[in-house]
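See structure below.
Laboratory data are not the source of any read-out in this text; all were calculated from the coordinates shown. Everything numeric here is computed off the predicted structure, so don't read it as measured data. Cβ placement follows ideal geometry from the backbone for every residue including glycine, while neighbour counts extend to all protein chains displayed.
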Amino acid sequence: EDQVTQSPEALRLQEGESSSLNCSYTVSGLRGLFWYRQDPGKGPEFLFTLYSAGEEKEKERLKATLTKKESFLHITAPKPEDSATYLCAPNDYKLSFGAGTTVTVRA
Amino acid sequence: NAGVTQTPKFQVLKTGQSMTLQCAQDMNHNSMYWYRQDPGMGLRLIYYSASEGTTDKGEVPNGYNVSRLNKREFSLRLESAAPSQTSVYFCASTEDSYEQYFGPGTRLTVT
């Protein structure tokens, strides 16, 4: 079954403590993968698109990478404002998003 | 430029009641989508519209109907609401295969 799976479900970090979120996928013929950020009570907001294995994208303290089977979202020296739920989604809108990783960064 | 707007923001229905969720986008996007988001299950596609005049079922279409009124507007109708339809509903739009733009969501409770 084509799907994406995110881990961990929740991540609690101290400010400055770097970590990584995982998005594994079993989508055959994947044409790319999106990362979104979702704040409580709001709709998801686009972060990155990755199209091919080996590709990397960066934005402030976030860096997304893609392999043939999974994607990672690395958070370097996080700040409290990085607290959010991070969602990955295949570039095929007939498929569901991942359930997300909720990141909490404590000052 | 408001992006994607949704109305209402909150709604409480009784079992069996009907309602329509409204969505509009001002980005001239061809494609529009309706999702529901439940705890631990991520965003699941209900219906989508690749262009004006076309609609297709997504992963969880049962109990819902949609109308693509024009290029800007895409509505979602619950004909006979059930408690299982308690959820947060998001509308989104996109141009071709690029990233989606989401509305703020409608929080629906069915009692």
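Most simply put, the protein assembly as shown has about 90% antiparallel DSSP beta bridges, counting only bridges with both residues inside it. In this calculation the C-beta distance from A:Glu81 to A:Thr26 is compared with R0 = 25 Å, giving a FRET efficiency of 0.15.
Does region A:35-107 classify as rounded, prolate or oblate by the C-alpha gyration tensor (a ≥ b ≥ c root eigenvalues; a/c under 1.5 gives rounded; else a/b over b/c gives prolate, otherwise oblate)? Oblate.
Classify the protein assembly as shown as rounded, prolate or oblate from the Cα gyration tensor: take a ≥ b ≥ c as the square roots of its eigenvalues, call it rounded if a/c is under 1.5, otherwise prolate when a/b beats b/c and oblate if not.
Details: a/c = 1.89, a/b = 1.52, b/c = 1.25.
Verdict is prolate for the protein assembly as shown.
Listed from fewest to most Cβ neighbours within 10 Å, the set A:Thr104, A:Thr65 follows the order A:Thr104, A:Thr65.
Placing unit charges on the Cβ atoms only, positive for Lys and Arg and negative for Asp and Glu, gives chain A a dipole magnitude near 60 debye about its Cα centre. Here the Gaussian network model covers chain A, with springs between Cα atoms less than 10 Å apart; of A:Glu70, A:Glu56, A:Glu17, A:Glu17 fluctuates the most. The simple Förster model, with R0 at 45 Å and r as the Cβ-Cβ distance, assigns B:Thr7 and A:His74 a FRET efficiency of 0.75. In this structure, the amide hydrogen of A:Lys94, modeled 1.01 Å from its nitrogen in the peptide plane, lies closer than 5 angstrom to no residue at least 5 positions away or on a different chain. Inter-chain Cβ neighbour count for A:87-99, averaged per residue, equals 5 (cutoff 10 Å, partner chain atoms only).
Mind giving me the FRET efficiency for B:Thr86 and A:Lys42? R0 is 25 Å, r the Cβ-Cβ distance, nearest 0.05 is fine.
Working: r = 19 Å, r/R0 = 0.77.
For R0 = 25 Å, the calculated efficiency reads 0.85.
When chain A is treated as a GNM with alpha-carbon contacts under 10 Å, the residue of A:Ala53, A:Ala64, A:Ala89 showing the greatest mean-square fluctuation is A:Ala53. Between the listed residues A:Ser18, A:Thr67, B:Val12, the Cα displaced farthest toward the positive end of the dipole of the protein assembly as shown, a dipole computed from Cβ unit charges relative to the Cα centre, is found at B:Val12.
Cα centroid separation, region A:1-66 to region B:1-26: 28 Å.
Considering only Cα-Cα distances, which of the following residue pairs are longer than 30 Å: A:Lys59/A:Lys94; B:Lys14/B:Lys71; A:Lys68/B:Lys71; A:Lys42/A:Lys94; A:Lys94/B:Lys9? Working shown, then result.
On the way: A:Lys59/A:Lys94 27 Å; B:Lys14/B:Lys71 32 Å; A:Lys68/B:Lys71 36 Å; A:Lys42/A:Lys94 22 Å; A:Lys94/B:Lys9 25 Å.
In this structure, B:Lys14/B:Lys71; A:Lys68/B:Lys71 lie more than 30 Å apart at Cα.
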